[in-house]
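Here is the structure we will look at, set down as structure tokens.
The values are calculated or read from the model by the stated rules, or taken from the named source; none is laboratory data. Bear in mind that the values here come from a model prediction, so they are computed numbers and not experimental data. We place every Cβ from the backbone using ideal geometry, glycine too, and count neighbours over all the protein chains shown.
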Amino acid sequence: MLISFENVTFGYLGVPTLQDVTFAVHENERIGVLGGNGEGKTTLLRLMLGELIPDEGRIFRKNGLRIGYLPQDGGFESDLSVYGAMKEVFTEDEQLISRLRAAEEQLARGTELSALSSQIESLHKRIAARDSYHVDVRIKTVLNGMGFEEVYDRPVSTMSGGEKTRLKLCRLLLEDPELLILDEPTNHLDLKTLFWLEEYLTSLKGALLVVSHDRYFLDKLTARTLEIERSRVTSYKGNYSKYRVLKEERYKEQLRAWEKQQEEIAHLQDYVDKNLVRATTAKSALSRVNKLDRIERIEKPVPPPAPPRFRFGYDVKPYENAVLAPRFDLYAETKLLLKDASFALTRGEKCALMGDNGTGKSTLLKFLLHEGAGVAHGKYVRIAYYDQENADLDPEAQALEAFREKNGLLPQTEARKILARAGLDAEDVGKKVKELSGGLRAKLSLAMLEARRGNVLFLDEPTNHLDLPAREALEEALKEFDGTLLFVSHDRRFIEALADRIVLIEDGALHDYRGGYAQFLEETRRASAPPPEKKEPAAQTSSYRSKEDRAREARQKARVKEIETRLEALEEEENALNESLAAYASDYKKVREITDRLEAIRSESDALYAEYETLI
């Protein structure tokens, strides 16, 4: 067991955020943590880390437990380069190798043979156990996977906030803690990096506890779910999809048990009421009174909080062609993002814009938003736009008045009704916009979007800051919307639920995929797979891969196999030599032969690994 909570209660200003919490985190567990905005997820993590002390109850941690923690907006700060900052993690490995070199040099001078042989054997074992000779390979694997393959020498201090958060995650992955705690780790990741991280975490040693609104991420990585609701923590066995089923079943079972007990209580009370005053039945009535007193009352289960509700509608249907941009170049300041691109959106389509970070998804959305400069909107098109930064909200304005002002001074009753459906209560609508949480600001912006009654919706990361019930409510509303939809999102479940067309921005061009997300994945997988080798007629010199290309690829594959086989053999030989050192502790000549051979093995292995990286 790594961490356990026993009847833990914690609150602020006397109001409990978490109450009577009991659970444990065991070795190698994979746990997802769920809860609405403000329910106490971050508080739970800070209690686990020891940053907060419980008001009641106890928290136990394994002695010497190594915890790695990625806060939601926790960037990494360093004066070093990207590569140098990662290399810091392996200071002990470098020290071990330096000590080994020094011991081997002493041995070469022929002093203290027995003591040095034992020391060298011990160092070899520690280095092998830590895989210290392959530190550079491990660093490059993580940096490349997280999208830093071309910026090894760049100072960390020059990175953006999102990049620093990703670097913090890189450090944690390399540190390999016993318990890795991640708070919304997917916020700054594009899909390519996200897929890599999922695969890496699948094979990670140690326990993983993750707070995330990414349902695909939770389903792939977690096998247990902790839900925080109304200050209580409930544990469910299974990933996110399984949790949803189990939660519904649990509520129904609790409700049935409560209803059954209520029937029994009513039956007993009815008998008491009718028979207590009768002399002939008073005794049996009193026995039922005693039975009523002994019944341990089941608390009526509280239904899950109602999710927000959105209703997107419009007043006029547009013509067939909603948006048309036949030929355009797209710039972000002076950087060219797209050259000679074209785009068309037809009435009724639900199209997702996808691509890596920085490829221009949000820029393209804003470019298509306004007519002119090569963009035409169809007749009767009315576009309503959702900005991921909520930039159209005045931070100093009161939420209710900001909403009414943006919607033609809508009657206050109607405005309150729309905002209440979106999840803003009477207290929330009286606050200034800047006082609202990120989730409430997002719901306010979505309510504004609803009130505009656009027949074409442009949405830029609409699920950012929304908890899972709100995301699913938005999905359902947009499924029912029969207008036109163009959106940017990193939420794969959201894309899967809505998109019937995907436009991918890649290598400075637009790639159009007709069909849903699953079909898009299959098509891109087939496109990236190497084509099957087949004989081409001699005359067909313009084939996709020339004869020389195929021969070169075959030689490369054969060389990769040779290197893998050789590395396995060298590793086996190294292990055998390390084990034999102690047996020859008094034989200087033999010890010298072994250490020379070990040095040769390391040099050859380093060269092979360097070549291997260029081939795979």
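Please pick out the residue among Arg109, Arg126 that is basic (Lys, Arg) and closer than 22 Å to Pro177 by Cα.
Arg126
Of the numbered conditions (1) surrounded by 21 or more Cβ atoms within 10 Å (Cβ to Cβ); (2) within 17 Å of Thr225 (Cβ to Cβ), Asn28 satisfies every one except a single condition; which is it?
If we test Asn28 against (1) surrounded by 21 or more Cβ atoms within 10 Å (Cβ to Cβ); (2) within 17 Å of Thr225 (Cβ to Cβ), just (1) comes out false.
Kindly indicate the residue of segment 331-359 that is under 17 Å from Asp512 (Cα atoms) and free of Cβ contacts under 8 Å to residues at least 60 places away in the same chain and also surrounded by the fewest Cβ atoms within 10 Å (Cβ to Cβ) among those meeting that condition.
Once the filter is applied, the top-ranked residue is Asp340.
So Glu178 clears everything in (1) in contact (Cβ under 8 Å) with a residue 60 or more places away in the chain; (2) within 18 Å of the chain's Cα centre (by Cα) except one condition, right? Which one?
Only one criterion in (1) in contact (Cβ under 8 Å) with a residue 60 or more places away in the chain; (2) within 18 Å of the chain's Cα centre (by Cα) is unmet by Glu178, namely (2).
Go through Ala279, Ala266 for me and flag whichever is of a type in the set (Gly, Ala, Ser) and outside any helix (DSSP H, G or I).
Ala279
Report, by residue number, each residue of segment 11-51 that is among the hydrophobic types (A, V, I, L, M, F, W, C) and within 24 Å of His213 (Cβ to Cβ).
Leu18, Val21, Phe23, Val25, Ile31, Val33, Leu34, Leu44, Leu45, Leu47, Met48, Leu49 - these are the residues of segment 11-51 that are among the hydrophobic types (A, V, I, L, M, F, W, C) and within 24 Å of His213 (Cβ to Cβ).
Give segment 62-105 a look and list any residue that's buried (at least 19 other Cβ atoms within 10 Å of the Cβ) and aromatic (Phe, Trp, Tyr), or say none.
Of everything in segment 62-105, those that are buried (at least 19 other Cβ atoms within 10 Å of the Cβ) and aromatic (Phe, Trp, Tyr) turn out to be Tyr69, Phe76, Phe90.
Conditions (1) part of a helix (DSSP H, G or I); (2) under 25 Å from Asp606 (Cα atoms), marked per residue:
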{"position": "Leu107", "(1), (2)": "yes, yes"}
{"position": "His124", "(1), (2)": "yes, yes"}
{"position": "Val135", "(1), (2)": "yes, yes"}
{"position": "Arg138", "(1), (2)": "yes, yes"}
{"position": "Val151", "(1), (2)": "no, yes"}
{"position": "Arg166", "(1), (2)": "yes, no"}
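Among what's in segment 183-237 and is under 19 Å from Met354 (Cα atoms) and aliphatic (A, V, I, L, M), pick the residue that is surrounded by the most Cβ atoms within 10 Å (Cβ to Cβ).
Leu189
Since Asp315 meets every condition but one in (1) surrounded by 15 or more Cβ atoms within 10 Å (Cβ to Cβ); (2) closer than 24 Å to Ile418 by Cβ, which condition does it not meet?
(1)
Among (1) among the hydroxyl-bearing types (Ser, Thr, Tyr); (2) modelled with pLDDT of 80 or more; (3) surrounded by 13 or more Cβ atoms within 10 Å (Cβ to Cβ); (4) under 30 Å from Ile120 (Cβ atoms), where does Tyr609 come up short?
Here Tyr609 meets the rest and fails (2).
Could you give every pair whose Cβ atoms fall below 6 Å, whose first residue belongs to segment 73-87 and is more than 15 Å from Val142 (Cα to Cα), and whose second residue is polar (S, T, N, Q), counting only separations of at least 6 or pairs across chains?
These pairs meet every condition: Gly75/Thr165.
Test of understanding: among Phe310, Phe328, which residue is free of Cβ contacts under 8 Å to residues at least 60 places away in the same chain, at negative phi, of a type in the set (Phe, Trp, Tyr) and in contact with an Asp or Glu (Cβ under 9 Å, 6 or more places away or on another chain)?
Answer to the selection: Phe328.
Would you mention how many residues in segment 1-22 are surrounded by fewer than 16 Cβ atoms within 10 Å (Cβ to Cβ) and either outside any strand (DSSP E or B) or out of contact with any strand residue (DSSP E or B) (no Cβ under 8 Å at 6 or more places or on another chain) (or both)?
5
Criterion first (modelled with pLDDT under 95 and in contact with a strand residue (DSSP E or B) (Cβ under 8 Å, 6 or more places away or on another chain)) does Gly36 satisfy it?
Against the criterion (modelled with pLDDT under 95 and in contact with a strand residue (DSSP E or B) (Cβ under 8 Å, 6 or more places away or on another chain)), Gly36 qualifies.
Go through segment 402-425 and count every residue that is modelled with pLDDT of 90 or more and surrounded by fewer than 14 Cβ atoms within 10 Å (Cβ to Cβ).
Total meeting the criteria: 2.
Across segment 439-474, which residue is farthest from the chain's Cα centre (by Cα) among those that are small (Gly, Ala, Ser) and closer than 13 Å to Ala399 by Cα?
Selected residue: Ala447.
Hey, among the residues in segment 202-237 that are modelled with pLDDT of 95 or more and assigned to a loop (DSSP other than H, G, I, E, B), which one's nearest to the chain's Cα centre (by Cα)?
Filtering first and then ranking leaves Thr222.
What number goes with the only condition from (1) within 28 Å of Glu27 (Cβ to Cβ); (2) within 18 Å of the chain's Cα centre (by Cα); (3) modelled with pLDDT under 90 that Cys170 does not pass?
The one condition Cys170 does not meet is (3).
Return yes or no: is Leu436 at pLDDT 95 or above and within 25 Å of Pro185 (Cβ to Cβ)?
Taking the combined requirement at face value, the residue does not satisfy it.
Tell me which residues, restricted to segment 388-418, are farther than 16 Å from Lys434 by Cα, in contact (Cβ under 8 Å) with a residue 40 or more places away in the chain and either among the β-branched types (Val, Ile, Thr) or in a loop (DSSP other than H, G, I, E, B) (or both).
Asn407, Leu410
Scan segment 501-529 for residues that are outside any strand (DSSP E or B), of a type outside the set (Ser, Thr, Tyr) and either in contact with a helix residue (DSSP H, G or I) (Cβ under 8 Å, 6 or more places away or on another chain) or at pLDDT 85 or above (or both) and report the count.
The qualifying residues number 10.
What number of residues in segment 477-501 are hydrophobic (A, V, I, L, M, F, W, C) and under 22 Å from the mean Cα position of the chain (by Cα)?
Total meeting the criteria: 7.
Going through Arg559, Arg592, Arg555 one at a time, which residue ends up being surrounded by 13 or more Cβ atoms within 10 Å (Cβ to Cβ) and modelled with pLDDT of 75 or more?
One residue alone meets the criteria, Arg559.
Taking segment 106-135 as the search range and keeping residues that are in contact with a helix residue (DSSP H, G or I) (Cβ under 8 Å, 6 or more places away or on another chain) and either among the β-branched types (Val, Ile, Thr) or modelled with pLDDT under 75 (or both), which one is nearest to Glu593 (Cα to Cα)?
Ala108
Out of all the residues in segment 267-276, is one or more surrounded by 12 or more Cβ atoms within 10 Å (Cβ to Cβ), touching a residue at least 24 places away in the same chain (Cβ under 8 Å) and not assigned by TED's automatic domain parsing to the domain that holds Asp425?
Yes, that holds for at least one residue.
May I ask you to list pairs of residues, at least six apart or on different chains, whose Cβ atoms are under 9 Å apart, with the first in segment 539-564 being among the hydroxyl-bearing types (Ser, Thr, Tyr) and the second being modelled with pLDDT under 65 and assigned to a helix (DSSP H, G or I)?
Thr541/Lys547
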